[in-house]
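Some notes on the structure that comes next.
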Amino acid sequence: MDTASTLIGLGLLAVFVLPILFLIWQQNTKEKSRLRNLKELSIKNNLTTDTVEISATLLLGLDSKAKKLLVIEPTNNMQHQVLDLSFIKNTKVSSQPFPDKPELIKRISLDLSENRNNKKLTEIIFYDEDDNASNNASERLIVAQKWNRIISEKLSA
């Protein structure tokens, strides 16, 4: 009876633990792939990214020496842009609430205004409710504020 109980216990443990381990492995594989994509695009653009941010909807890489920011949208066919921070004048985190529920956040972005008069505002979207991503708005707001602080420090330096 002890052997049967042990086998049943091990079987139940495997049923509950193996799917969790598989999900952790799958998430780590995706994150490594995103980091590899970020590094490859950094090399193609002659950047050495020393500060990075990896999420499902956004990859950011900052080259502190060159003062350039690499912004990649993995959900948008890996479209990317390189922003020269020497042309950035101001940074601001903006959050847009729902019209009927102002306590809920619909969109979070980091707005970068440039020194050139004819150049329009650059917007880095950290959270958009319409994208149906499984991101937490408050978590993304904290990340946007972190990047606002990082970029502001590079502007003042």
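Read-outs throughout are calculated quantities, based only on the coordinates presented, and are distinct from any laboratory measurement. Nothing here was measured: the structure is a model prediction, and the numbers come from that model. Note that we place each Cβ from the backbone using ideal geometry, even for glycine, and neighbour counts take in every protein chain shown.
Each peptide in 95-102, 78-85, 54-61 was scored by the mean count of other Cβ atoms within 10 Å over its residues; highest first, the order is 54-61, 78-85, 95-102. Legend: residue pairs Lys67/Lys106; Lys30/Lys68; Lys32/Lys65; Lys106/Lys146; Lys30/Lys106, Cα-Cα distance threshold 29 Å; pairs beyond threshold, Lys67/Lys106. Relative contact order of segment 2-156: 13 percent, from C-alpha pairs under 8 Å at least 6 residues apart in sequence. Ordering Thr75, Ser113, Thr3 by the projection of their Cα atoms onto the charge dipole of the chain, which places +1 on the Cβ of Lys and Arg and -1 on the Cβ of Asp and Glu, puts Ser113 at the extreme positive end.
Measure nothing but the geometry: give the 0 to 90° angle between the long axis through the Cα atoms of 2-44 and the longest principal axis through the Cα atoms of the chain, rounded to 10°. Relative to the chain, helix 2-44 is tipped by roughly 20 degrees.
The longest part of the chain holding none of the exposed loop trypsin sites (Lys or Arg not before Pro), meaning those outside H, G, I, E and B in DSSP with at most 13 other Cβ atoms within 10 Å, is 1-64.
Summing +1 for each Lys or Arg and -1 for each Asp or Glu among the other residues whose beta-carbon sits under 9 angstrom from that of Ser95 gives +2. If a paramagnetic tag sat 7 Å from the Cα of Ser64 along the Cα-Cβ line, which residues of segment 14-50 would have the backbone N under 17 Å from that point? In segment 14-50, the label zone of Ser64 (backbone N under 17 Å from the point 7 Å along Cα→Cβ) covers 47-50.
For Ala144, neighbours were defined as the other residues whose beta-carbon sits under 13 Å from its Cβ, and their charges (Lys and Arg +1, Asp and Glu -1) total 0.
Each eigenvalue of the Cα gyration tensor of segment 2-156, multiplied by 5 and square-rooted, gives one semi-axis; in descending order these are 39, 21, 12 Å.
Here segment 1-71 is treated with +1 on each Lys and Arg Cβ and -1 on each Asp and Glu Cβ, and its dipole about the Cα centre works out to around 500 debye.
When only the Cβ of Lys, Arg, Asp and Glu is charged (+1, +1, -1, -1), the dipole of the chain relative to its Cα centre reaches about 720 debye.
On the basis of the beta-carbon distance and an R0 of 22 Å, Lys101 and Asn136 show a calculated FRET efficiency of 0.85.
Taking the helices alone, the chain has a mean residue ellipticity at 222 nm of -14500 deg cm²/dmol, built from -39,500 (n - 2.57) per DSSP H run of at least 4 residues and averaged over all its residues.
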